[in-house]
Amino acid sequence: TELSRIRNFSIIAHIDHGKSTLADRFIQVCGGLTNREMAEQVLDSMDLERERGITIKAQSVTLNYKARDGVEYKLNFIDTPGHVDFSYEVSRSLFACEGALLVVDAGQGVEAQSVANCYTAIEQGLEVVPVLNKMDLPQAEPDRVSQEIEDIIGIEATDAVRCSAKSGMGVEDVLEDLIKRIPPPEGDENAPLQALIIDSWFDNYLGVVSLVRVRQGVLRKGDKIQIKSTGKAWNADKVGIFTPKPTETGELGTGEVGFVVAGIKDIHGAPVGDTIVSNKFADETPQIPGFKKVKPQVYAGLFPVSSDDYEEFRDALSKLTLNDASLFFEPENSDALGFGFRCGFLGMLHMEIIQERLEREYNIDLITTAPTVVYEVVTRNGETITVSNPSSLPDVGSIEEMREPIVEASILVPQEYLGNVIALCEEKRGVQTNMLFLANQVQLTYELPMAEVVLDFFDRIKSASRGFASLDYHFKRFQTANLVRLDVLINGERVDALALIVHREQSHYRGRALIDKMKELIPRQMFDIAIQASIGNQVVARVTVKALRKNVTAKCYGGDVSRKKKLLQKQKEGKKRMKQLGNVEVPQEAFLAVLKVD
Ligand code: GDP
Ligand code: MG
């Protein structure tokens, strides 16, 4: 295809502003699928994504659109996830594009996540085209929202197309606008092949499938290609595009986006961000400067409830990393929980999704320990180590300095909730660095300890603002902090899997709150259970779970057998997620008690 007839773009939108619905409309308008195939929201293909209504993996679709000028354009669009945990996927999708559609709900206005993604797009030199969606709703305020886009993002928006992805109104105008405003790709078709790997995933039948953007030259079926960073040569067995069905075309020209399958069996053999070149010209074709690798931000221990599941668990994690290079894991051995894995995640949502997939797709019951961020510790002998597991924190005596990660958070909030949000940020030890009053919203910038942000900050900010505030954040730096390890003892035994790293000033309060919550979560047993919180050798709080045999079935009337059965069944299911610590049975919830205290 001639370069002038190609447009590569992403869609930037806040969750629920209508990105997937609009994308599906595009597919429909361009005839990419028959109506029957047009299952609702085809782009969110994983069941889990569909249930949670979010897009996790970037996906691409190539569409042919016959424009009003009579020319048929090839539109490649790459869907992007909307959640902050996955913002790095947005950035890498943008690398494959010349432009981005910014979809804004005309009733809601601009949200922090989209602002952050727009800045990334603009930094990467992309043309950002605003679109006002949900114009069918009575609460749509397009003029106000256009003004907001101009104020916050700084792009012209008075002429932004107004549409309804739901009714289809204005959808073709969006496509026309996009063709007019987004420039076509550039590149030399006759130069040796150079293609960027935007994404790679593992397919059970095909092996590794890579989504690529050809920068120069042509990628043809049968070509001998090389993955630049590994230096390994492969044969391009299948080359094609997603329409959205995978469709072999035999070649991808300069500026095009599509897939290649080359018999690679391990996802690390085709790393995201790497460059594919022609094997013959490998030496003289450089790497395309890729995007930065993401590091896990949140770590937690995952332990199978039954130690018989350990091998299966290891296999499941290996399989998951085939599709998710951002998931990290290494063996962890806990005195309390036995053999498991310390896993690293991009954020709490990522952690929940992985946990859910392990349980749903692999049928493994897990105990998860409290998530923690990564700390830097300078030891007395001058070494700097990173600690992602509270129980592996060195002795207090050998620590010179501890540093915690600080994020820069950007918050957009309607003025009426400003007070609530500021109070929350202060409570979380935030330091305000900027406050900007806009037409209807206020843009706040705070520096906050990452540990305070990753756990429940997002939910808290939502409830402090009736869902109207939005949040985006990124790691800024490590900062010296007075941190200590808070240990929990059950019947006098320190439980390594329950240790936390906390601020010294908050440690007594946190210790008290934590064990109070645990007291609620640990069921009464045949004997008293003492729960203590301690720092070093000093016990800072103590509670007792009184002995009591609760006979739950006693409450039922004599004859109601089915009700009795149900109760017993419920008890049994509850038991599955118990772990025996000494002679005490501790349920999963107790290990995550820290998430339940405010
Ligand atoms: P995404 O999270 O940005 O992908 O948003 P979705 O496309 O999943 O849409 C979120 C919700 O908004 C869904 O319930 C859609 O049906 C609805 N929606 C999307 N576009 C429109 C629109 O133009 N008008 C109305 N009324 N609802 C819409
Ligand atoms: Mg979506």
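The values are calculated or read from the model by the stated rules, or taken from the named source; none is laboratory data. These numbers were taken from a predicted model, which means no experiment stands behind them. Here the Cβ is made from the backbone with ideal geometry for all residues, glycine too, and neighbour counts use every protein chain on show. Note: areas computed on protein heavy atoms with side chains; ligands, DNA, RNA excluded. Shrake-Rupley method; radii C 1.70, N 1.55, O 1.52, S 1.80 Å.
Annotations for the structure displayed:
Each row is one residue, and each column tells you yes or no for (1) more than 10 Å from ligand 1 (Cβ to nearest atom); (2) modelled with pLDDT of 90 or more; (3) surrounded by fewer than 24 Cβ atoms within 10 Å (Cβ to Cβ).
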| site | (1), (2), (3) |
| --- | --- |
| Thr1 | yes, no, yes |
| Asp16 | no, no, yes |
| Glu40 | no, no, yes |
| Thr55 | no, no, no |
| Ala58 | yes, no, yes |
| Tyr65 | yes, yes, yes |
| Lys74 | yes, yes, yes |
| Ile78 | yes, no, no |
| Val103 | no, yes, no |
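- Tally of residues being open to solvent by less than 30 Å² (accessible area, probe 1.4 Å) and of a type outside the set (A, V, I, L, M) across the stretch 509-531: 2
- Verdict on Trp234 being of a type in the set (Phe, Trp, Tyr) and either modelled with pLDDT under 95 or at positive phi (or both): no
- Test for Val161: is it at pLDDT below 95 and either crowded, with 19+ Cβ neighbours inside 10 Å or β-branched (Val, Ile, Thr) (or both): no
- Residue match in the stretch 315-331 (condition: without any contact (Cβ under 8 Å) to a residue 60 or more places away in the chain, assigned to a strand (DSSP E or B) and under 26 Å from Lys596 (Cα atoms)): yes
- Some residue of the stretch 376-395 being closer than 29 Å to Asn434 by Cα, part of a strand (DSSP E or B) and open to solvent by 10 Å² or more (accessible area, probe 1.4 Å): yes
- Tally, over the stretch 426-452, of residues that are within 21 Å of Val110 (Cβ to Cβ) and surrounded by 15 or more Cβ atoms within 10 Å (Cβ to Cβ): 8
Let's see how each residue does on (1) closer than 23 Å to Arg477 by Cβ; (2) of a type in the set (Ser, Thr, Tyr); (3) at pLDDT below 90; (4) assigned to a helix (DSSP H, G or I):
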residue: Ser410; (1), (2), (3), (4): yes, yes, no, no
residue: Val413; (1), (2), (3), (4): no, no, no, no
residue: Thr433; (1), (2), (3), (4): yes, yes, no, no
residue: Leu436; (1), (2), (3), (4): yes, no, no, no
residue: Val442; (1), (2), (3), (4): no, no, no, no
residue: Leu448; (1), (2), (3), (4): yes, no, no, no
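- Flag if Val502 is touching a helix residue (DSSP H, G or I) at 6+ places or on another chain (Cβ under 9 Å) and open to solvent by less than 60 Å² (accessible area, probe 1.4 Å): yes
- One residue alone among Phe345, Phe341, Phe328 is open to solvent by 30 Å² or more (accessible area, probe 1.4 Å), of a type outside the set (D, E, K, R) and in contact with a Pro (Cβ under 9 Å, 6 or more places away or on another chain), and that residue is Phe328.
- Taken together, Ser93, Ser146, Ser114, Ser164 contain a single residue that is of a type in the set (Ser, Thr, Tyr) and closer than 21 Å to Ala67 by Cα, which is Ser164.
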